[in-house]
Amino acid sequence: MVGNPRQFRAIHVWALTLVACLCSAEFAVAEESYFLLVFSWQRGETHLRCTHTLATFVKVANGDAAADPCQFEAHTISWLPEKMDVHPWRMFPQKGHNFELEESLHYAVRHDDRISLWGPFQIQEELYNLGLKQIEQLERGSVRYKLIDSGYFVSAACNCIHAVTDIDPPHRRVRLGSPGWGEGASSATVLKLKRWIIDPCTIHPWVADLLGLDKYPIIHRDLKEAHTFKFAR
């Protein structure tokens with residue numbers, strides 16, 4: 001029995017539409033790009049308890065320039081004590097909390113801390129995914145916060161620096177030390193993650209605009225400066 005030609009045409013149109021949608025989905029995935037921003041805040045030169053390292057991982061879809069409409073999502077590692085009460089000589093690890101970028105920067109502004117930024121750098125998708133995996137690990141609650149975390153098992157406690165650099169899994173089970181603090185530690189963090197940066201010489205300021213960073217008094221650092229900071233002050 002011969003079918004209705006209109007039905008055949010409808011099925012044909014539906015099939016073409018489905019193929020077009022699938023192609024569009026593949027294209028959208030191909031258009032995704034990933035970025036890393038590493039921050040520090042620091043009060044003076046020697047206030048160990050008033051320094052911090054944090055990193056934000058951004059995925060951008062449907063655009064790679066400021067003029068293009070795009071969708072994006074951002075995820076931050078900002079590992080601090082639950083009440084942000086940092087005490088360098090606290091004997092035991094305490095419950096940690098992973099703060100959002102905005103609340104982290106608001107805290108620094110309220111306390112008149114100097115904020116620095118390395119990036120935004122375009123990165124490989126692998127690092128973005130590792131960042132999300134690390135955030136999930138921190139927020140699971142098994143890792144606690146310890147500013148001076150030397151001598152502790154990697155899986156038990158970490159400071160803000162190691163919360164970021166542990167994205168690249170450490171080879172030791174026990175921590176041996178940290179690369180300074182504040183700006184020195186954040187620059188060392190950039191160098192630690194450099195192998196995932198696609199073009200270290202290219203900064204993408206439009207990504208910072210997406211995050212609304214223009215409202216903060218941020219010092220933009222060059223990757224070349226990462227080699228000149230003293231890792232301990």
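The values are calculated or read from the model by the stated rules, or taken from the named source; none is laboratory data. Everything numeric in this text was worked out from a predicted model, so none of it was measured. Neighbour counts run over all protein chains shown; Cβ positions are idealised from the backbone, glycine included. Side chains are part of the model used for accessible areas, which takes the heavy atoms of the whole protein and leaves out ligands, DNA and RNA. Shrake-Rupley method; radii C 1.70, N 1.55, O 1.52, S 1.80 Å.
Structure notes:
- Enumeration of residues in region 113-139 that are touching a helix residue (DSSP H, G or I) at 6+ places or on another chain (Cβ under 9 Å) and of a type in the set (S, T, N, Q): S116, Q122, Q124, Q134
- Criterion (charged (D, E, K, R) and part of a helix (DSSP H, G or I)) met by exactly one of E73, E102: E102
- If you go through region 124-183 and keep only what is aromatic (F, W, Y) and more than 13 Å from N98 (Cβ to Cβ), you end up with Y128, Y152, F153, W181.
- Scanning region 72-109 for residues that are under 22 Å from K215 (Cβ atoms) and modelled with pLDDT under 90 yields a single hit, M84.
- Pairing residues of region 189-205 that are under 9 Å from Q122 (Cα atoms) and of a type outside the set (A, V, I, L, M) with residues that are open to solvent by 70 Å² or more (accessible area, probe 1.4 Å) and in a loop (DSSP other than H, G, I, E, B), at Cβ distances under 7 Å and at least 6 apart in sequence or on separate chains, gives W196/Q124.
- Qualifying position, being within 24 Å of C50 (Cβ to Cβ) and touching a helix residue (DSSP H, G or I) at 6+ places or on another chain (Cβ under 8 Å), among R90, R110, R175, R144: R175
- Checked against the criterion of being surrounded by fewer than 18 Cβ atoms within 10 Å (Cβ to Cβ), out of contact with any Gly (no Cβ under 9 Å at 6 or more places or on another chain) and β-branched (V, I, T), the candidates V109, V86, V58 yield just one match: V109.
- Inside region 145-166, residues that are open to solvent by 10 Å² or more (accessible area, probe 1.4 Å) and either at positive phi or not hydrophobic (A, V, I, L, M, F, W, C) (or both) make up a count of 8.
Quick grid of which residues meet (1) over 23 Å from K95 (Cβ atoms); (2) at pLDDT 90 or above; (3) not in a helix (DSSP H, G or I):
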residue: S142; (1), (2), (3): no, no, yes
residue: D168; (1), (2), (3): yes, no, yes
residue: R172; (1), (2), (3): yes, no, yes
residue: R195; (1), (2), (3): yes, yes, no
residue: C201; (1), (2), (3): yes, yes, yes
residue: F231; (1), (2), (3): yes, no, yes
